[in-house]
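Report on the structure given below.
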Amino acid sequence: MSRSRDCDSPAPNRDLGAQMIRTLGAFQAIVSFPIGLLLGFFTFMRLLDSWYDYYGWYYYFITDLINGLMALGITFVVVVQRRVALDKTKTLMFEGVKYGLATAMWLWLLMDSLFGPWTHSDYRVPERRRQRVAYAVTAVVPLVLLFYTSLAYAYVQWNQERKYGSVNEEVEAGGDNPDRGEEEPLLPGRA
């Protein structure tokens, strides 16, 4: 993968799809980076606090570690996408990776809300479960807005390129150059 000629170019030189995915990627990084740092801090604190044997400390250590790595993985994919020239297929693959990581984090949050070890040690389980499930369901909104829309748009762009070919190839061949003149006659057989 080579360095993109459009990653440093001003916005008017990029097509709308590339600009949209780039902007959504910035918001994805803004959301995922602090989550990854915070969960990394919690992981470190749980590692230092592991001598205190309370119920489920290892579960929370693993949960914070894996979810923090997934959040930082999303941030890493965004940085790679912003620095490298990607065709539509690779863009779709990177968007699929971000979609998978974000969905896995959300499913983990939902399953932890329903069945986590906190349910065994808390006397207010029913009201806390409702509250935690409400938080998990509310987390669907940024998941859909930030990750599913970029995946859907990347799929649409990939599908259009697959069906109709690349627009950039036509422009490089001189398809949109008004000064080029006519090279083929309008009526076949008449030269």
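The values are calculated or read from the model by the stated rules, or taken from the named source; none is laboratory data. Quick caveat, the model's predicted, so the values are computed rather than measured. All Cβ positions, even for glycine, are placed from backbone atoms using ideal geometry, and neighbour counts span all protein chains on display.
Here is a yes/no grid of residues against (1) surrounded by fewer than 19 Cβ atoms within 10 Å (Cβ to Cβ); (2) closer than 22 Å to T138 by Cβ; (3) modelled with pLDDT of 90 or more:
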site: S2; (1), (2), (3): yes, no, no
site: R14; (1), (2), (3): yes, no, no
site: G40; (1), (2), (3): yes, no, yes
site: D49; (1), (2), (3): yes, no, no
site: V79; (1), (2), (3): yes, no, yes
site: M93; (1), (2), (3): yes, no, yes
site: V97; (1), (2), (3): yes, no, yes
site: A102; (1), (2), (3): no, yes, yes
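Scanning segment 143-167 for residues that are without any contact (Cβ under 8 Å) to a residue 60 or more places away in the chain and aromatic (F, W, Y), we see that the one that is farthest from T91 (Cα to Cα) is Y164.
Confirm whether G96 is within 14 Å of the chain's Cα centre (by Cα) and either farther than 18 Å from F27 by Cβ or not hydroxyl-bearing (S, T, Y) (or both).
Working: within 14 Å of the chain's Cα centre (by Cα): yes; either farther than 18 Å from F27 by Cβ or not hydroxyl-bearing (S, T, Y) (or both): yes.
When the stated conditions are applied, G96 passes them.
Of the residues A71, A26, the single one that is surrounded by fewer than 17 Cβ atoms within 10 Å (Cβ to Cβ), modelled with pLDDT of 90 or more and under 23 Å from V144 (Cβ atoms) is A26. Scanning segment 51-60 for residues that are closer than 16 Å to W108 by Cβ and either at pLDDT below 65 or hydroxyl-bearing (S, T, Y) (or both) yields a count of 3. Only a single item in (1) farther than 28 Å from G36 by Cβ; (2) modelled with pLDDT of 80 or more; (3) exposed (fewer than 14 other Cβ atoms within 10 Å of the Cβ) is not met by S166, and it is number (2). Regarding segment 133-152, can at least one residue be identified that is modelled with pLDDT of 90 or more and more than 27 Å from L39 (Cβ to Cβ)? Yes, segment 133-152 contains a residue that is modelled with pLDDT of 90 or more and more than 27 Å from L39 (Cβ to Cβ).
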